Every structure is written in C-alpha cells, then in structure tokens.
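*Asks:* Structure below; questions to follow.
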Amino acid sequence: MPIFAVHKMEEIKGRDTFYKLSVNGVCLLDSYYERIKLHPSSKSSFIRILSNMESVANGLLLPKTKFRPLFPKSKPKEYEFKYGDLRIYLIDYQGGKLVIDGGFKNSQDADINAFRSLVKTFNETSDSKS
C-alpha cells in the first residue's frame with residue numbers, strides 16, 4: 001500500500017489553500033515539474049498554471065479553457081488546470097484543493113485514468129485511517 005503525505009503549496013497565496021500530494025516520499029507535482037522544466041515553453045506554461053491556481057485560490061473565476069471540473073458529480077470533485085499542452089489534475093480537499101499529478105494533452109485520457117486510480121487509492125487509504 002502506498003504511503004501518502006499532503007503538503008501545503010507555499011507557492012500559492014490566497015484565501016483557499018492548495019496542497020500537493022506525495023506518494024512514498026515523492027511529491028508528484030515536483031516530479032512533474034522536473035520532467036518538463038528543460039523545455040522553455042513547458043516551463044512557462046507550468047508557471048502560467050501556477051498563476052491560474054493562485055487566481056482560483058483568491059476566488060476568481062477562470063474560463064473552462066484554463067480551469068474546469070472534470071466530472072462535476074464525482075466525490076471528491078475533480079478538476080483540471082490546463083495551459084498549452086500541460087495539464088494538472090486535482091480534487092477538492094479540506095476546504096481547498098489537492099494537486100494530485102500532472103500530464104500532457106496528447107496523453108490526457110491515460111493521465112486522467114491514472115489520476116482517478118490514484119485518487120481512489122488515496123481515498124481508500126484516508127478512509128482506513130479515520
């Protein structure tokens with residue numbers, strides 16, 4: 001069974017808190033950034049997504065082309081931030097948002113399936129600790 005940890009995202013300032021997920025000691029968002037930061041366009045897209053996260057944290061509405069619910073009736077509610085070919089997947093968590101992982105436009109279906117599987121495992125692990 002994986003070991004999950006949740007960390008506050010210090011990069012995002014706002015009235016809502018954003019968190020990021022670690023699995024077995026590896027922060028998935030940080031790992032995603034490490035994979036893309038060597039490509040200047042991807043790095044700037046990632047920074048734009050962080051800026052959009054801060055906008056959402058401060059209660060601003062963004063167009064669906066930047067931030068959208070994936071499956072509005074899911075529990076917890078699932079979301080996607082996007083810019084260029086980058087995608088970041090997250091869920092509602094303790095009055096804020098928990099970033100699960102990132103992906104790419106050309107592998108979106110597989111990335112969403114992996115994201116949902118990880119959310120399911122995270123929820124099962126969290127439920128067993130309650």
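Results for (1) modelled with pLDDT of 95 or more; (2) more than 14 Å from the chain's Cα centre (by Cα); (3) among the β-branched types (V, I, T), shown as yes or no for each residue.
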| residue | (1), (2), (3) |
| --- | --- |
| G59 | yes, yes, no |
| L62 | yes, yes, no |
| F67 | yes, no, no |
| E78 | yes, no, no |
| I91 | yes, no, yes |
| G95 | no, yes, no |
| V99 | yes, no, yes |
| R116 | yes, no, no |
| F122 | yes, no, no |
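*Asks:* Now a separate question. Filter the stretch 101-130 down to the residues that are in contact (Cβ under 8 Å) with a residue 40 or more places away in the chain and either assigned to a helix (DSSP H, G or I) or over 17 Å from Y83 (Cα atoms) (or both) and list them by number.
*Replies:* I112, L118, V119, T121, F122, N123, T125, S126
*Asks:* Right, something else. Among the residues of the stretch 113-121, is any touching a strand residue (DSSP E or B) at 6+ places or on another chain (Cβ under 6 Å) and not hydrophobic (A, V, I, L, M, F, W, C)?
*Replies:* no
*Asks:* Let me ask you something else. Can you tell me which residue in the stretch 97-123 is farthest from F4 (Cα to Cα), limited to those that are surrounded by fewer than 20 Cβ atoms within 10 Å (Cβ to Cβ) and small (G, A, S)?
*Replies:* Out of the qualifying residues, it is S107.
*Asks:* Further, regarding this structure: Tell me, yes or no, whether the stretch 58-69 has at least one residue that is surrounded by 14 or more Cβ atoms within 10 Å (Cβ to Cβ) and touching a residue at least 40 places away in the same chain (Cβ under 8 Å).
*Replies:* No.
The values are calculated or read from the model by the stated rules, or taken from the named source; none is laboratory data. Computed from a predicted model, the values in this text were never measured in an experiment. Methodologically, a virtual Cβ is constructed for each residue, glycine included, from the backbone with ideal geometry; neighbour enumeration extends over all protein chains shown.
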